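The values are calculated or read from the model by the stated rules, or taken from the named source; none is laboratory data. Source: prediction; values computed, not measured. Counting neighbours? That spans all protein chains shown, and the Cβs are built from the backbone with ideal geometry, glycine included.
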Amino acid sequence: MGESDEVIGGQFNKLMGRYYKMQSKDAQNLRKASGNKPCSHPKLEKEYYLGSRTGDLVCTTCGMDFYNEAAAKEDALKRKKEYENNEFE
């Protein structure tokens, strides 16, 4: 997963005619909705809080935040292993 391919700064909102940036609150809502299910973190976006970058990346599927892509990959592997061994909470 290369940064130029998988990490984006936001998604274009056709209705508003501008780019939507992943906000911290949206990531929190995604985490709540997804529970603690396994996720491969297929797409990461830059996280923003009140219009400023936080420096973190957020998975658009589960809402988990990471400081870099390597941490996201490591977490995905760990969760997959736990799930396969029935150790998942």
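Tell me which residues, restricted to segment 26-39, are surrounded by 10 or more Cβ atoms within 10 Å (Cβ to Cβ) and of a type outside the set (Gly, Ala, Ser).
Asp26, Gln28, Asn29, Leu30, Arg31, Asn36, Lys37, Pro38, Cys39, listed by residue number.
Filter segment 47-64 for residues that are farther than 18 Å from Ala76 by Cα and not in a loop (DSSP other than H, G, I, E, B); which is nearest to the chain's Cα centre (by Cα)? Before you say what the answer is, go through the steps one by one.
Initially, segment 47-64 is screened for residues farther than 18 Å from Ala76 by Cα, giving 47-55.
Still in the running and not in a loop (DSSP other than H, G, I, E, B): 47-49, 52-55.
Values: Glu47: 9, Tyr48: 12, Tyr49: 15, Ser52: 17, Arg53: 14, Thr54: 13, Gly55: 13 Å.
Checked segment 47-64; the qualifying residue nearest to the chain's Cα centre (by Cα) is Glu47.
Could you check, for segment 6-14, whether at least one of its residues is surrounded by 12 or more Cβ atoms within 10 Å (Cβ to Cβ), at pLDDT 55 or above and under 16 Å from Tyr67 (Cβ atoms)?
Looking for residues that are surrounded by 12 or more Cβ atoms within 10 Å (Cβ to Cβ), at pLDDT 55 or above and under 16 Å from Tyr67 (Cβ atoms), one finds none in segment 6-14, hence no.
List the residue pairs whose Cβ atoms are under 9 Å apart, where the first residue sits in segment 34-57 and is on the phi > 0 side of the Ramachandran plot, the second is surrounded by fewer than 13 Cβ atoms within 10 Å (Cβ to Cβ), and the two are 6 or more positions apart or on different chains.
Gly55/Tyr67
Name the residue that is nearest to Tyr83 (Cα to Cα), counting only residues in segment 52-62 that are surrounded by fewer than 16 Cβ atoms within 10 Å (Cβ to Cβ) and touching a strand residue (DSSP E or B) at 6+ places or on another chain (Cβ under 9 Å). So that I can check it myself, show each step before the final result.
Residues of segment 52-62 surrounded by fewer than 16 Cβ atoms within 10 Å (Cβ to Cβ): 52-53, 55, 61.
Among the residues that remain, those that are also touching a strand residue (DSSP E or B) at 6+ places or on another chain (Cβ under 9 Å) are: 53, 55.
Numbers: Arg53: 33, Gly55: 29 Å.
The selected residue is Gly55.
Quick one: how many residues across segment 58-76 are polar (S, T, N, Q) and over 7 Å from His41 (Cα atoms)? Full working, then the answer.
Keep residues of segment 58-76 that are polar (S, T, N, Q), which gives 60-61, 68.
After this cut, where a residue has to be over 7 Å from His41 (Cα atoms) as well, the list is 60, 68.
Looking only at that region, the number is 2.
Looking only at segment 68-89, count how many residues are touching a strand residue (DSSP E or B) at 6+ places or on another chain (Cβ under 6 Å) and at pLDDT below 85.
Number of matching residues: 0.
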